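Peer 1: This is the structure I have questions about; it appears just below.
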Amino acid sequence: MEWRSAGGIRWLEAELPGARAAFSTRLGGASSSPFESLNLGILTEDDRDAVVENRHRLAASLGLAPERIAIGRQVHGAELKTHEARQEPSPFSEPGGDIPEVDGHVTSEPSLPLLVFVADCLPVAMAGPGGIAMLHCGWRGLAAGIVKRGAEAVAATSAAIGPGIGPCCYEVGEDVRTAFADLGDVFPAEGMLDLAGVARLLLEDAGVTEIEAAELCTSCNTELFFSHRRDAARTGRQAGLVWRNGEA
């Protein structure tokens, strides 16, 4: 992955077969504390107009049409939405309408960028002969099989794991340890979970052979990322996006 910037906005970008993935930071937006500054989450206490402005700034920086970006209401599950046409009205560009309760998006259609919101959970982008997928991966979604479902949906050969809470900061309880007990060495210290390590193992198990990871902890990197756990839930959201090359 490589750092990119435009218009004061900074993001990580990854190459996938026939596609690109981007992982935003909190830099370059219009929001005020504690959501400074590129908060993309409308379901926070932030000013709605500021969030909409932030979404449009990010889309412009990436060269994407904001009204074509597909999103969902994330519920920490493993459901996927297959998109064959743009959402109308656009919940990303003009929030307020009903949107599907899903944690993953899939498309094989051109000009349909896919986006998930994150603030410690992992954004995972995939590409394969069947199209592209973008997944919101918290521990519940990972345990429920969202990675396998996404990989199968697009016959994924390549994936990019964006920034998320790291094993340095992610202390978990017995229920989480039980959920991943069969995966092996994903607990680097007592009570701590390597969430990106879990995602990588599940991707490998699903047949994904090319995997790139940001290896950046959202909780540690206060200047770059929002963190739900670090900020006691009163925080913004960054995003992971994937789109096919040549889309606008």
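Just so it is clear, none of the values below were taken in a lab; they were calculated from the coordinates. Keep in mind the model is a prediction, meaning the values are calculated, not measured. Methodologically, a virtual Cβ is constructed for each residue, glycine included, from the backbone with ideal geometry; neighbour enumeration extends over all protein chains shown.
Peer 1: Report for the chain the percent antiparallel among DSSP-assigned beta bridges with both residues inside it, nearest 5.
Peer 2: 80
Peer 1: Separate question: Of all the C-alpha pairs in the range 176-234, what % are more than 12 Å from each other?
Peer 2: Values: 1241 of 1711 pairs.
Taking all Cα-Cα pairs of the range 176-234, the fraction more than 12 Å apart is 73 percent.
Peer 1: Scan the range 100-193 for GluC sites (Glu not before Pro) in coil per DSSP, keeping those whose Cβ has at most 11 other Cβ atoms within 10 Å, and list them by number.
Peer 2: Glu190
Peer 1: Can you show me the helix-derived [θ] at 222 nm for the chain, built from DSSP H runs with n ≥ 4 at -39,500 (n - 2.57) apiece and divided by the number of residues, rounded to the nearest 500.
Peer 2: Computed mean residue ellipticity for the chain: -5500 deg cm²/dmol.
Peer 1: Would you mind pulling out the separation of the Cα centroids of the range 161-198 and the range 43-95, in Å?
Peer 2: Here the two parts' Cα centres lie 29 Å apart.
Peer 1: Quick one: net charge of Arg234's neighbours, Cβ under 15 Å, K/R +1, D/E -1? Can you show the working numbers first?
Peer 2: Working: positive: Arg26, Arg229, Arg230, Arg237; negative: Glu36, Glu45, Asp46, Asp47, Asp120, Asp231.
Combined, the nearby Lys, Arg, Asp and Glu give -2.
Peer 1: Report the residue, chosen from Gly141, Gly104, Gly184, that carries the largest GNM mean-square fluctuation when the chain is represented by alpha-carbon nodes joined by springs under 10 Å.
Peer 2: Gly184
Peer 1: Continuing with this model, one more query. If we count other beta carbons within 10 Å of each Cβ, what is the order of Ser32, Ser227, fewest first?
Peer 2: Ser32, Ser227
Peer 1: Rank the residues Trp3, Trp243 as a footprinting-exposure proxy: fewest other Cβ atoms within 10 Å of their Cβ go first. Can you show the working numbers first?
Peer 2: Details: Trp3 9, Trp243 27.
By the 10 Å Cβ count, ascending, the order reads Trp3, Trp243.
Peer 1: Test of understanding: extend the Cα→C-beta vector of Asp182 to 7 Å, then name every residue of the range 128-158 with backbone N under 19 Å from that spot.
Peer 2: Of the residues in the range 128-158, 139-152 have backbone N under 19 Å from the label point off Asp182.
Peer 1: On to the next question. Between Cys220 and Ser5, what is the label-to-label distance in nm when each label sits 7 Å out along the Cα-to-Cβ direction?
Peer 2: Distance between label points: 2.1 nm.
Peer 1: Right, next: Using 13 Å as the cut-off for backbone N distance, which residues of the range 92-106 belong to the label zone defined by a point 7 Å from the Cα of Leu43 along Cα→Cβ?
Peer 2: Counting backbone N atoms under 13 Å from the label point, the list is 96-104.
Peer 1: Would you be so kind as to identify all helices of the chain, as entire DSSP H runs, whose Cα atoms reach 20 Å or more along the helix's own axis and whose mean Kyte-Doolittle hydropathy is at least -1.0?
Peer 2: The answer, listed by residue number, is 48-62.
Peer 1: Could you tell me the calculated FRET efficiency between Ala65 and Glu171, based on Cβ-Cβ distance and R0 = 45 angstrom, to the nearest 0.05?
Peer 2: The calculated FRET efficiency here is 0.65.
Peer 1: Let me ask something else about it. Pick from Ile161, Ile132, Ile211: which is most flexible by mean-square fluctuation in a GNM of the chain where alpha carbon atoms under 10 Å apart are linked?
Peer 2: For the chain, modelled as a Gaussian network with Cα springs under 10 Å, the answer is Ile211.
Peer 1: For Glu53 and His76 in one chain, what is 0.36 nm times their gap in residues minus the Cα-Cα distance, to one decimal in nm?
Peer 2: 5.7 nm
Peer 1: Here is a follow-up. Provide Cys217, Cys169, Cys137 in ascending order of the number of other Cβ atoms located within 10 Å of each residue's Cβ, fewest first.
Peer 2: Working: Cys217 22, Cys169 15, Cys137 29.
Least crowded to most crowded, the residues run Cys169, Cys217, Cys137.
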